[in-house]
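Where a number appears in this text, it was derived from the coordinates with a stated rule and is not lab data. These numbers come from a predicted model, not from an experiment. When we count neighbours, we look across all protein chains shown, and the Cβ atoms used for this are built from the backbone with ideal geometry, even at glycine.
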Amino acid sequence: MQVDSSEDGGEVDALTQKLGEMLLQELPANAQQGQPAFAGAIWSGQLEWRKLGQPEGRNTLPLTISSNFVDGQPEVTAESWPIKLRMQLMPKPVLVNVGISLLKDSKMVRFRAKPGELRDSLVTLLSAGFCGCVHVNPASNCRILILIYVPSRNDFLGFIPNNQITYVQLLREALEQLRDNQKK
């Protein structure tokens with residue numbers, strides 16, 4: 001899988017940047033810090049993804065996930081989530097094909113990882129034409145979430161589409177279309 005640095009990639013990066021900024025602005029603000037009001041950690045574990053160009057190699061990043069508050073409670077609960085979440089890298093144009101507007105109908109979580117080489121690696125990937133499709137728990141209300149990086153805030157945001165079944169189906173179709181186009 002190659003890192004996309006084409007003009008289309010820049011256009012999609014601008015869209016994901018705007019999406020992240022827009023959704024962060026819609027969150028209730030914490031009056032003391034001027035930051036979106038996210039709850040404490042709802043999940044703590046590891047995010048795993050395949051190393052580019054190494055089919056057997058994997059990166060594993062320890063992190064926590066927090067959710068914003070709704071009526072004093074975290075909007076997202078993660079009791080049924082496994083300790084290790086697997087992420088599949090996807091070209092950002094897939095988001096456009098699926099419809100960024102569908103991400104507006106989603107719950108948002110914030111990913112936090114300590115600074116270091118693996119975090120920097122993830123920032124590089126998500127800044128260079130990729131987004132993450134994080135596989136959570138097929139048996140729960142959250143089968144997948146979409147992970148993007150918002151450079152202006154140095155923040156990782158995860159979007160959990162409210163209509164998981166429709167979103168997963170549209171994602172599959174967009175990935176199949178991308179594969180078909182690459183074969184031509």
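Within segment 166-183, the presence of a residue that is under 22 Å from Ser44 (Cα atoms) and within 14 Å of the chain's Cα centre (by Cα) is excluded.
Scanning segment 43-83 for residues that are of a type in the set (S, T, N, Q), farther than 12 Å from Val109 by Cβ, part of a strand (DSSP E or B) and in contact (Cβ under 8 Å) with a residue 40 or more places away in the chain yields Asn59, Thr60. Annotation: of all residues in segment 49-72 being in contact with a strand residue (DSSP E or B) (Cβ under 8 Å, 6 or more places away or on another chain) and among the charged types (D, E, K, R), the one that is nearest to Ile146 (Cα to Cα) is Arg50. You will find that of Val109, Val168, the residue that is within 23 Å of Thr60 (Cβ to Cβ) and among the β-branched types (Val, Ile, Thr) is Val109 and no other.
Of everything listed in (1) surrounded by 21 or more Cβ atoms within 10 Å (Cβ to Cβ); (2) in contact with a Pro (Cβ under 8 Å, 6 or more places away or on another chain), the single unmet condition for Leu178 is (1). Candidates are the residues of segment 136-174 that are without any contact (Cβ under 8 Å) to a residue 60 or more places away in the chain, in a helix (DSSP H, G or I) and of a type in the set (Val, Ile, Thr); the one that is surrounded by the most Cβ atoms within 10 Å (Cβ to Cβ) is Val168.
Within segment 71-85, the only residue that satisfies the criterion of being surrounded by 13 or more Cβ atoms within 10 Å (Cβ to Cβ) and more than 15 Å from Ala41 (Cα to Cα) is Leu85.
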